[in-house]
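A short write-up of the structure that comes next.
Read-outs: derived from the displayed coordinates by stated rules, not from any lab. Just so it is clear, the structure is predicted and the values come from calculations on it, not from any experiment. All Cβ positions, glycine included, derive from the backbone under ideal geometry; neighbour counts span all protein chains shown.
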Amino acid sequence: MLLQGNICTLRSVESKDIDTILLWENDPALAPFSDPHPPYSRSDIEEFIRSEEAGFETNRQMRLMIECEGKTIGAIDLFDYDGEQAEVGILIHNETNRRKGYARAALRAVIGYARDLRLKRLKAIIADDNLPSRALFEGCGFVKTDNFTYICNMKRIIAPSILSADFGNLERDVRMLDESRAEWVHVDVMDGVFVPNISFGFPVLKPVRTATRKVVDTHLMICDPIRYVERFAKAGSDYVTFHYEATDDVDACIDAIHAAGAKAGISVKPATDVRVVEKWLHKLDMVLIMSVEPGFGGQSFIASSLDKVRTLREMIDACGANCLIEIDGGIGEKNAGEIFAAGAEVLVAGSSVFGADDPKAAIVKMLEAK
Ligand code: DX5
Ligand code: ZN
């Protein structure tokens with residue numbers, strides 16, 4: 001395989017079938033490009049795109065040329081790159097090439113490139129009757145969100161909740177997470193007043209912190225969180241999330257968490273309109289949408305939570321805030337794909353991880369869910 005162009009971009013090319021992938025950015029004319037071989041020249045491809053894919057002409061930022069056995073067989077473009085999202089279009093010149101898997105390998109390369117760019121999402125517009133393209137994009141982790149739109153979320157984090165762990169073997173369970181593909185560990189603190197259940201506090205958080213290198217994500221389901229946010233931050237939480245419904249001074253809570261060196265999240269219960277958090281999005285690091293009534297693990301996902309995620313996604317994108325969307329309750333491999341597709345980035349999962357025969361495999365299934 002020969003790679004030209006921006007090599008770091010191309011490290012995720014997996015297919016041995018691809019001889020050459022040529023990449024250029026911004027201005028195709030300036031890019032390193034040796035004349036493609038028949039049967040398709042570069043101008044053929046340009047012409048093809050103009051005639052067939054006119055909608056893909058705007059603001060082109062980057063193109064991958066796909067060459068196999070010395071022939072240019074197609075191209076993949078990223079458009080409308082805005083720092084967060086890009087639209088991806090793929091052009092493969094005939095079904096034989098498509099079948100050989102070149103398109104799939106090239107699309108994977110683009111996804112890798114988008115990750116390198118720290119893009120949050122890739123979007124593709126695919127006609128309903130274009131079954132080969134739909135199969136191709138779905139096979140690479142894109143999820144259909146309406147009739148034409150397919151979304152691939154770049155950021156996918158699983159945060160297993162130790163509420164469902166075996167407390168008699170907590171260190172063992174946390175070390176297991178440390179070896180898993182979960183990037184975060186979710187710690188649910190309940191005071192028996194804000195929610196009708198009591199879980200644990202600082203004495204449990206500390207050994208969790210010691211047992212893992214992962215991000216410790218503390219979810220405070222307690223009244224008057226301002227009294228404790230600093231201590232939870234100093235006890236080793238990377239994120240401290242408090243409830244909107246539990247305080248009358250959101251700013252003070254966020255500021256206290258930041259002052260203690262942690263990242264600040266706010267959570268809303270199922271009955272709370274997610275738009276209440278809008279004015280704080282710029283200073284928040286995360287919004288946590290509860291998809292069950294807080295208090296207990298093992299409940300069913302409340303379906304309307306997906307609309308809350310979509311609304312919040314639009315709010316965050318509209319104002320350009322650097323704020324993650326986390327969702328908590330009733331999540332497992334069956335619904336993880338659509339929740340990621342709606343725009344959530346961090347999925348909390350308790351019983352679906354610790355109740356699984358193979359918790360590490362359950363985490364992978366959620367990460368790769370379609
Ligand atoms: C509920 C907690 C959740 C809970 C999730 O109040 O905030 O984190 O542990 O558990 P599952 O995934 O079982 O719904
Ligand atoms: Zn939680």
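Loop only per DSSP, at most 16 neighbouring Cβ atoms within 10 Å: give me the GluC sites (Glu not before Pro) in region 305-370, ordered by residue number.
On the way: sites: Glu314, Glu326, Glu333, Glu338, Glu345, Glu368; in loops: Glu345, Glu368.
Sparse-neighbourhood loop GluC sites (Glu not before Pro): Glu368.
Let me know the charge dipole size of region 157-367 about its Cα centre in debye, to the nearest 20, where only the beta-carbon of Lys, Arg (+1) and Asp, Glu (-1) is charged.
Working: 21 positive and 31 negative charges, 79 e Å.
Dipole size: approximately 380 debye.
Just subtract the alpha-carbon distance of Lys155 and Lys334 from 0.36 nm times their residue separation and send over the number in nm, one decimal. Write down the numbers at each step before the final one.
On the way: separation 179, 0.36 × 179 = 64.44 nm, distance 1.85 nm.
Contour length minus Cα-Cα distance gives 62.6 nm.
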With 28 Å as the limit, write out which pairs from Lys263/Lys370; Lys206/Lys308; Lys279/Lys370; Lys234/Lys370; Lys206/Lys370; Lys144/Lys365 have Cα-Cα distances beyond it, or answer none. Lys263/Lys370; Lys206/Lys308; Lys279/Lys370; Lys234/Lys370; Lys206/Lys370
Read phi for every residue in region 343-353 and hand back ³J(HN,Hα) as whole Hz from Karplus 6.51 cos²θ - 1.76 cosθ + 1.60, θ = phi - 60°, with x for Gly and Pro. x, 6, 10, 10, 10, 8, 8, x, 5, 6, 8
